[in-house]
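Written below as structure tokens is the structure these notes are about.
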Amino acid sequence: MPAEVRLSENQNKTLTILSSEGRALTNKELKALGGGELKSSGGLVELGLVEVGRAGRSLLFTITAEGRKQLDKPEPPKPHLPPHDPDLPKLSPNQIFALVVLMSEARPMDNADLKEFAGFSLTGADNAKLVKLGLVETDRSHTPFSHELTEKGWGLARRLHLLAPPKESKSAVRTLLTLLGNVGRSLEQLQMGHGEFFRRQQTQDEVEVIDSADAESQVRKAYAALAGRPGEWVGLADLRDKLPALARAEVDAALMSLLDQDGVRIIPIANTKALTARDRDAAIDIGGEASHALSIGRP
């Protein structure tokens, strides 16, 4: 028998009845006493917790020494399931699948791409809700329409495993949410952000060379989108999430180049206890010190 076995409530009840009666019982007697019916093989018999005999046409079941030991063992701890966050929006299975595909590809995808990757297009009510919630930005200036995760969408994508599974969801949705929870925990241990992890690795034929001036321009644009006003501090973790198309090295090079320009500062967070794994992962080394926040004032 395995060192640890999790029995059903009914199996435990059947073992308890056999133990308390201290004699062989037929299925009819077990049922009358509130237990479950047993077979001559499988279940408790196969585990060696119950042995089977015969009295005429009736099967007789007796608890074994191993069965008594099993009753004395504490139940194996149940797996810890993360609590659902009631503040997260209620999403349909297709809306969840769309967010996952957009996160895993980390790039704009049109409806033809989504049809190929996910088996459906992001249209109608599903598209409207994700746009209304500010999770997806849809470009309708061309057909097929293209979609991209917003900063808020990236934030929710990192926490999808805390969603209460939709009532209409099948096992695929629950399995996916479980997987996302494990991915999130692993990335936290690796001190790696979702944006960096899922950033699309281009083949040699697809590599698009981005010159430093263009990278700096994109960093400035991302900063302006995050900052309420010039000079406001913006976390590098949020900044990197805004730049999924740039490699980490390209962002780092652009930041170092910007440091030589007027009005640009990059500093460490003094309160290290307030830093998350995501903040530490996004930091840039300046003179041997990890820095976490960017400020760009007026030039």
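Provide a single number: the residues in segment 93-116 that are farther than 14 Å from Glu148 by Cβ and either in contact with a strand residue (DSSP E or B) (Cβ under 8 Å, 6 or more places away or on another chain) or of a type outside the set (A, V, I, L, M, F, W, C) (or both).
The qualifying residues number 5.
Condition (residue is touching a residue at least 24 places away in the same chain (Cβ under 8 Å), charged (D, E, K, R) and open to solvent by 60 Å² or more (accessible area, probe 1.4 Å)) applied to segment 38-51: is it met by at least one residue?
Within segment 38-51, none of the residues are touching a residue at least 24 places away in the same chain (Cβ under 8 Å), charged (D, E, K, R) and open to solvent by 60 Å² or more (accessible area, probe 1.4 Å).
Residue-wise test of (1) at pLDDT 95 or above; (2) aliphatic (A, V, I, L, M); (3) open to solvent by less than 40 Å² (accessible area, probe 1.4 Å).
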site: Pro79; (1), (2), (3): no, no, no
site: Asp85; (1), (2), (3): no, no, yes
site: Leu91; (1), (2), (3): no, yes, yes
site: Pro108; (1), (2), (3): no, no, no
site: Leu130; (1), (2), (3): yes, yes, yes
site: His142; (1), (2), (3): no, no, no
site: Glu151; (1), (2), (3): no, no, no
site: Trp154; (1), (2), (3): no, no, yes
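The conditions are (1) open to solvent by 30 Å² or more (accessible area, probe 1.4 Å); (2) within 21 Å of Met103 (Cβ to Cβ); (3) acidic (Asp, Glu), and Asp281 fails exactly one of them. Which is it?
For Asp281, the exception is condition (1).
For segment 47-156, which helices (runs of 4 or more DSSP H) that fit wholly inside it have 3 or more residues that are farther than 30 Å from Phe197 by Cβ and charged (D, E, K, R)? Don't jump to the end; show me each part of the working.
Numbers: elements: 65-72, 93-105, 111-118, 124-132.
Of the helices (runs of 4 or more DSSP H) lying wholly inside segment 47-156, those with at least 3 residues that are farther than 30 Å from Phe197 by Cβ and charged (D, E, K, R) span 65-72.
Can you tell me how many residues in segment 55-77 are at pLDDT 90 or above and among the hydroxyl-bearing types (Ser, Thr, Tyr)?
Qualifying residue count, segment 55-77: 2.
How many residues are over 18 Å from Asn94 (Cβ atoms) and in a loop (DSSP other than H, G, I, E, B) when one looks only at segment 157-173?
Residues that pass the stated criteria total 2.
The values are calculated or read from the model by the stated rules, or taken from the named source; none is laboratory data. Here the structure is a predicted model, which is why all the values come from computation and not from measurement. Positions of Cβ are backbone-derived with ideal geometry, glycine not excepted, and every protein chain shown enters the neighbour counts. Note: accessible area is taken over every heavy atom of the protein model, side chains too, but ligands, DNA and RNA are not part of it. Shrake-Rupley method; radii C 1.70, N 1.55, O 1.52, S 1.80 Å.
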